[in-house]
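> Could you have a look at this structure, given as structure tokens, before my questions?
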Amino acid sequence: MAQYSDAPQILKDFLMYHETIKGQSQKTVSEYYLDLRMFLRFIKLMRSDMTVRTSLDDIPIKDVDIDFIRQITTSDIFEFLSYLASDRIVNPDSASPDYGISASSRARKLSAIKSFYKYLTVRTKLLAENPVADLEYPKLRKSLPRYLTMDQSAALLKAVSGQNQKRDYAILMIFLNCGIRRSELVGLNLSDVYEDRLRVVGKGNKERFVYFGTSCRKAIDAYLVERNKKVLSDNRALFGSRDSNRISTTAVHRLIKKYLLAAGLDATSFSAHKLRHTAATMMLSGGVDVKTVQEVLGHENLNTTQIYTHIESTELKIASEANPLSKLDFAEEEDN
């Protein structure tokens, strides 16, 4: 908890709870810290004699305690959300900075605040009332996920070449077949590879098994011949780097961009996460039900998975267009 040295004890306790009891990742805990630090700094600014132009970064919060938090009202939280939507500066170092952060960023901060108050009211019972219990999240614009077509996926795989060809081909095959996250791939160990599946550690350190097909198994086997000849600094790792360390998420990002360009695809529009979208879309188009896809992807909420069901609507439209009866039109004859 040394990295949270400027946080008040009540916030440190909350972060410790999520890290040790809830088992959430360091990244998630760090995001909670940053979001709640901003929130508490803003509330303290509103309650003090400091000018409204005072930078939030200059406001200490180590003295914040449960009595201070108990005085925060729903109106205060609305004011914070309004500040985020209209007054928070985006890219302050830019010559012409924008004001107001996105709805998704505001939703994430509200989620952190909700988790904090749930901890204070339900877990520790330090508070009797929860001022954010009924607060709605900002409305998000829903967009369909981008994904590679079958031809584009084939082109990407055919573009793999070079010194690490077998490793990189296996990585792409796992992404396209299993739909795992980049962080999950980087965390794979040799012991996580089974005959027809991978043991994956996802968000919140939750484990799941993800099955793969014959082609993916063949790609992994071809790579393992090379991998078993190497010694890495962390020799448990399935995928290694040129410097004999476990491969990093940054290195995976770079190799995917490299092969997208080599395949003649738009490297700015696709990424490792888009390969995850591709796997999910292909599963659904192949007849896999959305609940099963949810388990494969490791989504906690089914609503997260249902964004991929757009493919089902597309397939239904194609099916209806293929029906010969859809071409019959007697309306003109009846009018005559």
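Residue-by-condition table, conditions (1) acidic (Asp, Glu); (2) within 20 Å of Pro8 (Cα to Cα); (3) modelled with pLDDT of 80 or more:
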{"residue": "Asp65", "(1), (2), (3)": "yes, yes, yes"}
{"residue": "Asp98", "(1), (2), (3)": "yes, no, no"}
{"residue": "Leu110", "(1), (2), (3)": "no, yes, yes"}
{"residue": "Leu126", "(1), (2), (3)": "no, yes, yes"}
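> Since Asp6 meets every condition but one in (1) modelled with pLDDT under 90; (2) assigned to a loop (DSSP other than H, G, I, E, B); (3) buried (at least 16 other Cβ atoms within 10 Å of the Cβ), which condition does it not meet?
Exception for Asp6: condition (3).
> Within segment 259-280, is there a residue that is of a type in the set (Lys, Arg) and either more than 19 Å from Arg182 (Cβ to Cβ) or at pLDDT below 75 (or both)?
No, segment 259-280 has no match at all.
> Tally the residues that are closer than 23 Å to Ala237 by Cα, among the small types (Gly, Ala, Ser) and part of a helix (DSSP H, G or I), restricting the search to segment 248-268.
Result for segment 248-268: 1.
> When residues of segment 47-65 are filtered for being assigned to a helix (DSSP H, G or I) and exposed (fewer than 14 other Cβ atoms within 10 Å of the Cβ), how many remain?
Looking only at that region, the number is 3.
The values are calculated or read from the model by the stated rules, or taken from the named source; none is laboratory data. Everything quoted here is computed from the prediction, not taken from an experiment. Cβ sites come from the backbone with ideal geometry, for glycine too, and all protein chains shown count toward neighbours.
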